[in-house]
Amino acid sequence: MRHKAGLAALTLVLLSGCAKPARDDLFVLLPGEAGKTGELTVESGGRQQVLDQAYAAARVKEAGRVEKGTATPQEVQAAFAPALAAQPARPVSFTLYFPEGKDEITPDSRPLVDEIVAEIARRPAPEIVVIGHTDRVGTVPFNDALSLRRAVRVRDELVKLGIAADRITVAARGEREPLVPTEDEVAEPRNRRVEINVR
């Protein structure tokens, strides 16, 4: 008897699996980093709806019909929980500063190193990019070499703290990408930096 009941249930599942499911596509525009929101155009059968506000939503239940609305963060979590859980963590950037002409991290920046290591540890397969910079004091070749020494110094400190060296990429920009544009030979502490991008 149990065998027949199981067979009947299986038949019902197979028959319902053959029926064409009703269409119900939901699109929601989520806020980006720092609350910035882009724009998303949802199109179906020649009809369009532009979503340009955080949590703006569009639902397509049949071709040519796009219903615009909004969704709450709770509705988004309920509808898209598996996809949201599968997303990688957003990239995070840190900046360490250096004294003029040196590759030693300033005392004010030193506590940030622990935060960087903690952020890296939170990620299962981190990618770290370390980019050295200088101000415009000195020659271009000198600043190229100094920015590389600064980046290598930060990489070496991260490795000493347990970060795998093969996870870290080092680059140097010299004086070419100042945070604060200045004339040549102007000392600017905010340009003497190393940027660490963790993703």
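The values are calculated or read from the model by the stated rules, or taken from the named source; none is laboratory data. Treat the numbers as computed from the prediction; the structure is a model and nothing was measured. Cβ coordinates were reconstructed from backbone atoms using ideal geometry, including for glycine residues, and neighbour counts include every protein chain displayed. These accessible areas exclude ligands, DNA and RNA; they are computed on the full protein's heavy atoms, side chains included. Shrake-Rupley method; radii C 1.70, N 1.55, O 1.52, S 1.80 Å.
Structural remarks
- Identity of the residue in segment 1-37, surrounded by 11 or more Cβ atoms within 10 Å (Cβ to Cβ) and in a loop (DSSP other than H, G, I, E, B), that ends up modelled with the lowest pLDDT: R23
- Any hit, segment 111-127, residues being over 21 Å from the mean Cα position of the chain (by Cα) and modelled with pLDDT of 95 or more: yes
- Whenever a residue of segment 86-106 is under 24 Å from T139 (Cβ atoms) and without any contact (Cβ under 8 Å) to a residue 40 or more places away in the chain, its partners that are open to solvent by 40 Å² or more (accessible area, probe 1.4 Å) and assigned to a loop (DSSP other than H, G, I, E, B), lying with C-beta atoms within less than 8 angstrom and at least six residues away or across chains, give the pairs T106/P99.
- Some residue of segment 78-93 being at pLDDT 90 or above, of a type in the set (A, V, I, L, M, F, W, C), surrounded by 14 or more Cβ atoms within 10 Å (Cβ to Cβ) and closer than 23 Å to L158 by Cβ: yes
- Residue under evaluation T182, criteria (1) hydroxyl-bearing (S, T, Y); (2) in a helix (DSSP H, G or I); (3) touching a helix residue (DSSP H, G or I) at 6+ places or on another chain (Cβ under 9 Å), criterion not met: (2)
- Residue check: L161 meets all listed conditions (1) within 29 Å of A34 (Cβ to Cβ); (2) surrounded by 15 or more Cβ atoms within 10 Å (Cβ to Cβ) but one, namely (2).
- Here the strands (runs of 3 or more DSSP E) wholly within segment 50-109 that include at least 3 residues being under 26 Å from the mean Cα position of the chain (by Cα) and closer than 16 Å to R150 by Cβ are 92-97.
- Segment 159-173 residues that are touching a residue at least 40 places away in the same chain (Cβ under 8 Å), paired with ones that are in a helix (DSSP H, G or I) and open to solvent by 60 Å² or more (accessible area, probe 1.4 Å) (beta carbon under 7 Å, 6 or more apart): I168/R155; V170/R155; A172/L148
- With respect to the stated conditions, V180 is of a type in the set (V, I, T), farther than 19 Å from R110 by Cβ and loosely packed, with under 13 Cβ neighbours inside 10 Å.
- Per-region count, segment 46-67, residues open to solvent by less than 70 Å² (accessible area, probe 1.4 Å) and touching a Gly at 6+ places or on another chain (Cβ under 7 Å): 3
- Filtered residue count, segment 99-116, keeping only those that are among the hydrophobic types (A, V, I, L, M, F, W, C) and open to solvent by 30 Å² or more (accessible area, probe 1.4 Å): 1
- For segment 123-158, a residue qualifies if it is open to solvent by 60 Å² or more (accessible area, probe 1.4 Å), of a type outside the set (F, W, Y) and outside any loop (DSSP other than H, G, I, E, B), and the qualifying residues are V140, P141, L148, R149, R153, R155, D156.
- Filter result (basic (K, R) and open to solvent by 30 Å² or more (accessible area, probe 1.4 Å)) within segment 183-199: R190, R199
- Filter pass, D166 being over 30 Å from A89 (Cβ atoms), of a type in the set (D, E, K, R) and either out of contact with any helix residue (DSSP H, G or I) (no Cβ under 9 Å at 6 or more places or on another chain) or open to solvent by less than 10 Å² (accessible area, probe 1.4 Å) (or both): no
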